[in-house]
Amino acid sequence: RITEKDVDDVLWDLEMALLESDVALEVAEKITTELKEELVGRKVKRSTEISEYTMEALKKAVKDVLSVDGVDLPQLVEKKKPLVIMFVGINGTGKTTTIAKVARYFMKKGLEPVIAAADTFRAGAIEQIGQHADKLGVKLISHRKGADPAAVAFDAVSHAKAQGKDVVLIDTAGRMQTNVNLMDEMAKIKRVVRPDLIVFVGDALTGNDAIEQAARFDEAVGIDAVILTKADADARGGAALSIGYMIKRPIIFMGIGQGYDDIMEFKPEWMVEQLFA
Amino acid sequence: MLGNLGRSLSKTMKKLAGMTIVDEEVVREVIKDIQRALIQSDVNIKLVFNLSKSIEERALNEEPPKGITPKEHIISIVYDEMVKLLGEKSHELVIDDKPYRILFLGLQGSGKTTTIGKLARYLRKKGFTVGVVCTDTWRPAALEQLKQYTEGQDVSIYGDPQNRDALDLAEKGLARFQKKDVIIFDTAGRHKEEKDLLREMEELSAIVEPHEAILVIDGTIGQQAREQALAFRKATDIGSIIVTKLDGSAKGGGALSAVAEIGAPIKFIGTGERIDDLEVFDPERFISRLLGM
Ligand SMILES: Nc1nc2c(ncn2[C@@H]2O[C@H](COP(=O)(O)OP(=O)(O)OP(=O)(O)O)[C@@H](O)[C@H]2O)c(=O)[nH]1
Ligand SMILES: Nc1nc2c(ncn2[C@@H]2O[C@H](COP(=O)(O)OP(=O)(O)OP(=O)(O)O)[C@@H](O)[C@H]2O)c(=O)[nH]1
Ligand SMILES: [K+]
Ligand SMILES: [Mg+2]
Ligand SMILES: [Mg+2]
């Protein structure tokens, strides 16, 4: 039988591996504690098997966290038109670029998106998303800088309804999860347009703050799905596990570059490989 | 969950409070808490263990100076060791040549362009004339962002969205702003796997010959900070660091790890999106925040 002493060393090593991969400390501790409870008292044939066994159990735990039921975007569009998707997250994670990529994704499936330039705050934000929309040949709904973002989003949805468009992609300004006023402003956009899907865009290089970000955005507007960007930067991407553990929502895509096609479906196996490479 | 660490740390610190002689067990407990605090603040894991080892050794072996309680002693050791990491080098930006050339570098979305706007304003307020050159040929509306952000700040901006050659833009900007006190070069974001972009950065650096290359580090970055900073240093001599987004809940331990690795001092921190949200770096405050004290 496995004793506590048997697994302590192995679990310590695993916890360190998780931490070095940017899994938040709290999450790494919870995962290893749960693992310990599961392992202690189990029967194994030889003591050498313990570490192997522990490793397999951890892989399974990681997969479990990340294998929540996914979101089938094209299927959602079939059910509701226009499908309204709002993108949220802290500053500079890649929301605007990701929207351009997701627009391309829908276009490849023969669906027509509209983009709402609802970041009316940041310098150059409207021009940035505007240039993406031009290059992609997507209709952009925008107001002046400083305008009410909820009004922009509302107009985009109205436009999509009137023109029979398939999807509305709402770009919002980046904001810190600690900024109460800005979090309220985001909640107002949600109240006004009632999006079908709220996507949290997180940066794969994020450390321990990932859990605070996910928890606070979830609290403010409710996160339905997650996209993890900049996975091409050699990130181990522990943030995926932290976020998954905190809010138990599916990670639908990973951003893997700055081009429009640099997006891929997220596979839990990827994370497992990164962690145990 | 928020800030539970600060609380737990001050709890152990409280245990120390009444102590008149050093109790080994309590010290070990405090060290453990410090370790957790540093890990939660994104300090590089190996660095955390090295750091806590030297803190523990000193706390157990060094006699506290007369009139100093064990608690004060440990706190001063912790500060001491952390300050050592942050470097003895100056935390001030000194403009001692004309035109003083500053090259901004960093990962995608770390806050370079915004921080350039803030720094330009900071320097203008000190009476320096400033020109900013946009060499970002990647991000849509990069030049427009700079222009809008510095509107009304009396800062000259040069860029050309039609020109796709970052090196050519740097050369032209350099020539144009020879009469300014300071020239700041904005660059496209890049990371250590983008070899072409790193090479471009090397070439940019050769053209600009910066007095100071400033690496902008996102305060929310985790364990990757060290590796990424190393890749940047390999391509260019990094003179200083600016840590952004410290108005959120992240503690900036990634940036600390980068400093410890490449030895360039942090000179400013970014504390918001507004043009005035730039603070001169204060090591003591940074360390307190990192430790949740
Ligand atoms: N390497 C890489 N870069 C990315 C990826 N996604 C976005 N970026 C880059 O990250 C930077 C910031 O992207 P944005 O789309 O402007 O980020 P944002 O979240 O909209 O930023 P704010 O609106 O200012 O909060 C840009 O330089 C993008 O090209 C990715 O998957 N990989
Ligand atoms: N809250 C907060 N946001 C910041 C801070 N510094 C920059 N930002 C925001 O971070 C986002 C990215 O900033 P940029 O200046 O575009 O970053 P960049 O490094 O130039 O990005 P690229 O050129 O795409 O690589 C924007 O939303 C900024 O407003 C800061 O100190 N606090
Ligand atoms: K630096
Ligand atoms: Mg944006
Ligand atoms: Mg920029």
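Applying the Karplus relation 6.51 cos²θ - 1.76 cosθ + 1.60 with θ = phi - 60° to segment A:198-203 yields 3J(HN,Hα) values of 10, 9, 8, 9, x, 8 Hz, where x marks Gly and Pro.
Taking the longest Cα principal axis of chain B as reference, the axis of helix B:195-208 is set at about 70 degrees.
Based on Cα contacts under 8 Å between residues 6+ apart, chain A shows a relative contact order of 24 percent. For segment B:154-201, the pair-distance distribution built from all alpha carbon pairs, in bins 5 Å wide starting at 0, is 4, 17, 27, 21, 17, 9, 4, 0 percent. Normalised by 2.2 N^0.38 Å, where N is the number of residues, the alpha-carbon radius of gyration of segment B:167-230 equals 1.28.
Full extension of the segment from A:VAL40 to A:ASP261, taken as 0.36 nm per residue of separation minus the current Cα-Cα distance, would add 74.9 nm.
Fraction of C-alpha pairs exceeding 22 angstrom in segment B:190-293: 31 percent, rounded to a whole number.
Listed cross-link partners B:LYS147/B:LYS195; B:LYS125/B:LYS234; B:LYS147/B:LYS192; A:LYS36/B:LYS11; B:LYS126/B:LYS180 are compared with a 23 Å cut-off, the Cα-Cα value being larger for B:LYS147/B:LYS195; B:LYS125/B:LYS234; B:LYS147/B:LYS192; A:LYS36/B:LYS11.
May I ask for the distance between the Cα centers of segment B:133-158 and segment A:230-262, given as a whole number of Å? Centre-to-centre (Cα) distance: 30 Å.
Separation of segment B:72-101 from segment B:16-56 is 22 Å, based on Cα centroids. FRET efficiency for the B:ASP168 to B:VAL280 pair, using the beta carbon distance and R₀ = 56 Å, is estimated at 0.95. Max-minus-min Cα coordinates of chain B on each principal axis give 69, 39, 35 Å, with the largest extent listed first. Return the whole-Å distance between the Cα centroid of segment A:137-157 and the Cα centroid of segment B:255-293. Using only Cα atoms to place each centre, the spacing works out to 36 Å. Between B:GLU62 and B:VAL94, the FRET efficiency estimated from the beta carbon spacing at R0 = 35 angstrom works out to 0.50.
Among the GluC sites (Glu not before Pro) in segment B:38-133, those placed in a DSSP loop whose Cβ has at most 16 other Cβ atoms within 10 Å are B:GLU62, B:GLU88, B:GLU92.
Only Cα pairs under 8 Å and 6+ residues apart enter the sum, and on that basis the relative contact order of segment A:191-277 stands at 28 percent.
Enter the angle in degrees (range 0 to 90, nearest 10) between the Cα long axis of helix B:24-40 and the first principal axis of the Cα atoms of chain B, meaning the one along which they spread out most. Between the helix axis and the principal axis of chain B, the angle is about 20 degrees. For A:VAL84, nonlocal amide neighbours, meaning residues 5 or more places apart or on other chains whose placed amide H falls under 5 Å from its own, are A:VAL168, A:ASP196, A:LEU197. 3J(HN,Hα) along segment B:248-261, derived from phi through the Karplus expression 6.51 cos²θ - 1.76 cosθ + 1.60 where θ = phi - 60°, amounts to x, 9, 5, 9, x, x, x, 4, 4, 5, 5, 4, 4, 7 Hz, with x in place of Gly and Pro. Restriction of the trypsin sites (Lys or Arg not before Pro) in segment A:177-264 to DSSP coil positions whose beta-carbon has at most 15 other beta-carbons within 10 angstrom yields A:LYS248. The region of chain B that goes longest without hitting one of the trypsin sites (Lys or Arg not before Pro) in a DSSP loop, each with at most 15 other Cβ atoms within 10 Å, is B:180-273.
Every Cα-Cα pair in the protein assembly as shown was counted, and those over 42 Å apart are 24% of them.
Loop-located trypsin sites (Lys or Arg not before Pro) in segment A:11-78 (DSSP state not H, G, I, E or B) with no more than 10 neighbouring Cβ atoms inside 10 Å: A:LYS43, A:LYS45, A:ARG46.
For Cα pairs less than 8 Å apart in space and 6+ apart in sequence, what is the mean separation divided by the residue count of segment B:127-185, i.e. the relative contact order in percent? That works out to 53 percent. Computed from protein heavy atoms with a 1.4 Å probe, the total accessible area buried between A and B is close to 3500 Å².
The orientation-averaged projection of the convex hull spanning the C-alpha atoms of segment B:71-150 amounts to 8.0 square nanometres.
Can you tell me the orientation of helix B:112-125 relative to chain B, as the angle in degrees between its alpha-carbon axis and the longest Cα principal axis, to the nearest 10? Once rounded, the angle reads 90 degrees.
Within the listed set B:ILE95, B:ILE221, B:ILE116, the residue fluctuating most in the Gaussian network model of chain B (springs between alpha-carbon atoms under 10 angstrom) is B:ILE95.
Cut-off under 17 Å on the C-alpha distance; same-chain residues fewer than 8 positions from A:LYS161 excluded. Which aspartates and glutamates are left, in chain and number order? Of all the aspartates and glutamates, those that pass the test against A:LYS161 - Cα under 17 Å, at least 8 places apart if same chain - are A:GLU78, A:GLU112, A:ASP196.
Of A:LYS101/A:LYS165; A:LYS79/A:LYS190; A:LYS101/A:LYS230; A:LYS30/B:LYS15, which pairs sit farther than 23 Å apart, going by alpha carbon to alpha carbon? Cα-Cα > 23 Å for A:LYS30/B:LYS15; rest within.
Helical runs (DSSP H, four residues minimum) scored at -39500 (n - 2.57) apiece and divided by the length of chain B put the mean residue ellipticity at 222 nm at -15500 deg cm²/dmol.
The values are calculated or read from the model by the stated rules, or taken from the named source; none is laboratory data. None of the values given here were measured: they were computed from a predicted structure. Please note: Cβ atoms are built from the backbone with ideal geometry, for glycine as well, and neighbour counts cover all protein chains shown. For the accessible areas, the whole protein counts, side chains as well, though only heavy atoms, and no ligand, DNA or RNA atoms are used. Shrake-Rupley method; radii C 1.70, N 1.55, O 1.52, S 1.80 Å.
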